[in-house]
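The next block holds one structure in the form of structure tokens; read it before the comments.
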Amino acid sequence: MKVRRGYKTELDPNNIQRTLLLKHAGAARFAYNWGLARKIAAYKLGEKVPSAIDLHRELNALKSTAYPWMYEVSKCAPQEALRDLDRAYANFFRKVKLKKQGKHKGKLGFPKFKKKSRAIGSFRLTGTIKIFGGSVQLPRLGRMRLKERGYLPLEAKILSATVSEQAGSWYVSIQVEEEQPDPIAPTGDPIGVDLGIKTLATCSDGTTYENPRALKHHLKKLKRLECQKSRRKKGSKNRIKTCKAIAKVHQRIANIRKDAAHKLTSSLCKNHAEVAIEDLCVRGMVKNHHLAQAISDSNFGEIRRQLKYKAAWCGVQIVTVNRYYPSSKTCSSCGWINEDLMLADRLFICKACGLIIDRDLNAAINLRNEALQTTASSAESDACGVGGAGLSATTSETAHGETRTKR
């Protein structure tokens, strides 16, 4: 089967190439802001809002007189920026429509003007893109060295390349379409996974994955740098140096989170045929201000997202247990429910059968048992010819509902 994938790696540009990268990012940022201003003006005047194609034609007509410096960069950078603006503008009105219907909660997200002071930004290129062992060739930028050799695929069909800047480093993300053999489901036993704060994940087989707590371990350094930044004059070189140091710390925090999430999800999808997780409401969980920072630092949403697409690649079935199912309060041995269990209680003690077990391990076992029951009931429904429509036996994500018992 054909799969679209993205491969991101760090570039090693020289000074000339670094200047070209900055020019391309600036052109993309300018085109985005210019197009957004044109859309807002047309909307206020009651005229037809121009599309990305209309804006690109208008911008091309102005290049020779008003913006001759845009000839120094690839035409793809402003063109793709205008397409991104079109998607952002359409998404805003789509969310407005859903909010009127009561199907969307949260911010609507009207497109904002991009500022160079906040981030240099990124740009996307299409056309002739070639990959070599230790370098990549991009339009108008030439052949650029990579800091990691042998990572990008050489034989896949290249669709586009997105170049971005983070904390002074430049990265390229290559989107490719490659042929991948049909997934063969792993032969490992089904497993339940309980996500948490103290331990990132506790599995029903007793395996645990430590939570790196990246933000917590770097918070002291961040506070010191933020205090240093506040004492320095705006616009000064020393303040810019401090801002760069803060950006590097935030980048390291993000990299540690990604590393932990990828190791967890890859291990689960490669070694187990069925993975049961809980349908956590992260938006509601972060409303607890005592735990909001720790919950955000644990990256629950990203783990769920990675599990979903990696399961499709590996032929694994993801079973999602309803968030109202009392997995932590239910005894995994006899089914007795402890309604008085508090979050501070790290041991589950069953008063019916006398079982004493770790709270997270007990929850993971309950999630696995619910997944097995869901799979069995789905198989019976398919055998009887009832239900099962659109349900894949290997790559689907099954939602399992239970009675709304308070956790």
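When you filter the trypsin sites (Lys or Arg not before Pro) in region 89-127 for DSSP loop state and at most 12 other Cβ atoms inside 10 Å of their Cβ, you are left with LYS103, LYS105, LYS107, LYS112, LYS115, LYS116, ARG118.
Annotation: the residues ASP360, ASP194, ASP340, ASP84, sorted from fewest to most other C-beta atoms within 10 Å of their own C-beta, follow the order ASP340, ASP84, ASP360, ASP194. Simple spin-label estimate for VAL3 and ALA352 gives 4.2 nm between the two label positions (7 Å along the Cα-to-Cβ direction from each Cα).
Within the same chain, aspartates and glutamates fewer than 8 places from LYS115 are excluded, and of the rest, those with a Cα less than 15 Å from its Cα are GLU165. Applying a DSSP loop filter and a limit of 14 other Cβ atoms within 10 Å to the GluC sites (Glu not before Pro) in region 97-195 leaves GLU148, GLU155. Taking a sphere under 14 Å around the Cβ of PRO212 and counting the other residues whose Cβ falls inside, with K and R at +1 and D and E at -1, yields a net charge of +3.
For LYS308 and HIS262, calculate 0.36 nm times their separation in residues minus their Cα-Cα distance, and state this gained length in nm to one decimal.
15.3 nm
Computing Kirkwood radius over Cα pairs in Å for the structure here picks out one of (i) 23.2; (ii) 22.4; (iii) 25.0, namely (iii).
Relative contact order of the chain: 15 percent, from C-alpha pairs under 8 Å at least 6 residues apart in sequence. Listed by chain and number, the lysines whose C-alpha is less than 17 Å from the C-alpha of LYS99, apart from same-chain residues fewer than 8 away, are LYS107.
With R₀ set to 25 Å, the beta-carbon distance separating ILE53 from ARG118 gives a calculated FRET efficiency near 0.30. Against the main long axis of the alpha-carbon atoms of the chain, helix 359-384 sits at an angle near 90°. Where both bridge residues fall in the chain, DSSP classifies roughly 80% of the beta bridges as antiparallel. Our summary gives region 111-249 a relative contact order of 14 percent, counting only alpha carbon pairs under 8 angstrom and 6 or more residues apart. List the trypsin sites (Lys or Arg not before Pro) within region 192-223 that fall in a DSSP loop (any state other than H, G, I, E or B) and whose Cβ has at most 15 other Cβ atoms within 10 Å. Counting only loop positions with at most 15 other Cβ atoms within 10 Å, the trypsin sites (Lys or Arg not before Pro) in region 192-223 are LYS198. Summarising the label geometry, the points placed 7 Å from Cα in the beta-carbon direction at VAL282 and THR162 lie 1.7 nm from one another.
Tell me the angle of helix 15-44 to the major Cα principal axis of the chain, expressed in degrees between 0 and 90 and rounded to the nearest ten. Once rounded, the angle reads 80 degrees. Figure legend: label point modelled 7 angstrom from the Cα of GLU148 along Cα→Cβ; residues of region 162-191 with amide N under 16 Å from it are 162-166, 169-176.
Cβ-to-Cβ counts within 10 Å put PHE123, PHE92 in ascending order as PHE92, PHE123, the fewest first.
The C-alpha atoms of the chain define a longest principal axis, and helix 52-63 lies at about 30 degrees to it. What residues of region 35-49 lie in the reach of a label at ALA66, counting those whose backbone N is under 12 Å from a point 7 Å from the Cα along Cα→Cβ? Flagged as within label range: 35-39. Remark: relative contact order (region 2-179) = 34 percent; criterion is Cα-Cα distance under 8 angstrom and separation of 6 or more residues. The length gained by stretching the chain between GLN228 and GLU179 to full extension, at 0.36 nm per residue less their Cα-Cα distance, is 12.5 nm.
Of all lysines in the structure, the ones whose alpha carbon falls short of 22 Å from that of LYS105, not counting any fewer than 8 places away in one chain, are LYS95, LYS97, LYS287.
Bear in mind these aren't lab numbers, they're just calculated from the coordinates by the rules spelled out. Note that the structure is predicted; figures quoted are calculated from it, not measured. Please note: Cβ atoms are built from the backbone with ideal geometry, for glycine as well, and neighbour counts cover all protein chains shown.
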